[in-house]
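This report refers to the structure that appears directly beneath it.
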Amino acid sequence: ISQREIARKTGADKSTVSTVIKGFETAGLIERTQRVSDNRPGRPGEGIYISSKGWLLAGVYFHPDRIDYVIGGLDGTILKTASGIMPFEPERIGEIVNETMVSMCADLGRSASDLLALGVSVPGLVTMAGKVARSPNLGWFDVPLRDILERTVKVPVYIDNDANGAALAESLLGAGVDLDHFIYVESGSGVGGGLVLDGSIYRGASGFGGA
């Protein structure tokens, strides 16, 4: 997309867009490239895209018998996946997750310091504070998961119900990109749902909305 298109879509003036874009470029969040000609006269314009070479994002999904891991670029490109054994004691999860993420980054020839954040998906009821109030699949009740992870993981940790996470993914990258309101329903070992209103996940007063 060009800077002109960004200004048109956001309603911001060109100077503001230029300043923001320069900041993103300095931070390694975006790159510039010459756009493919659209058969218009003159030289093709410059395009801006989210860089897949800069910062990394990590994701974790807990199952009763395993933990699934993913590391990707800011553009949504999946760079590496892995699976590991789910520990019986929740208190060990922070150490295991951190070690696995460091190892995965090393396999990519990258440093764990390149990670910006960790997103965690849990099959169960998750409070706004990152506590797993109830997860029958995992056998967890009132587990302070965010606190456990932040003791060892050195990046911001974001935790949510798995259906909310899936709904957010559809909103950002999938079937819900052009929708402001939709309901996501999934069925596996149980039935769950995520509710998107005005482009954002609706969580309700305690964080359990839609779950």
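The values are calculated or read from the model by the stated rules, or taken from the named source; none is laboratory data. The structure displayed is predicted, hence computed values, not measured ones. Cβ atoms come from the backbone with ideal geometry, glycine included; neighbour counts cover every protein chain shown. SASA here: full protein model, heavy atoms, side chains in, ligands and nucleic acids out. Shrake-Rupley method; radii C 1.70, N 1.55, O 1.52, S 1.80 Å.
The set of residues in the stretch 167-200 that are touching a Ser or Thr at 6+ places or on another chain (Cβ under 8 Å) and of a type in the set (A, V, I, L, M) comprises Val177, Leu179, Val196. Number of residues in the stretch 63-75 that are in contact with a helix residue (DSSP H, G or I) (Cβ under 8 Å, 6 or more places away or on another chain) and hydrophobic (A, V, I, L, M, F, W, C) equals 2.
Scan the stretch 169-180 for residues that are buried (at least 19 other Cβ atoms within 10 Å of the Cβ) and either under 24 Å from Trp140 (Cα atoms) or out of contact with any strand residue (DSSP E or B) (no Cβ under 6 Å at 6 or more places or on another chain) (or both) and the total you get is 0. When the stretch 113-140 is filtered for residues that are more than 17 Å from Asn164 (Cα to Cα) and touching a Phe, Trp or Tyr at 6+ places or on another chain (Cβ under 7 Å), the ones remaining, listed by number, are Asp114, Leu116, Ala117, Leu138. Among the numbered conditions (1) open to solvent by less than 60 Å² (accessible area, probe 1.4 Å); (2) touching a Leu at 6+ places or on another chain (Cβ under 6 Å); (3) of a type in the set (Val, Ile, Thr), the only one that Ile183 does not meet is (1). Among residues of the stretch 129-145 being open to solvent by less than 60 Å² (accessible area, probe 1.4 Å) and assigned to a loop (DSSP other than H, G, I, E, B), the one that is nearest to Pro156 (Cα to Cα) is Gly130.
Please verify whether Glu5 is assigned to a helix (DSSP H, G or I), surrounded by 12 or more Cβ atoms within 10 Å (Cβ to Cβ) and charged (D, E, K, R), treating the condition exactly as stated. Criteria met by Glu5.
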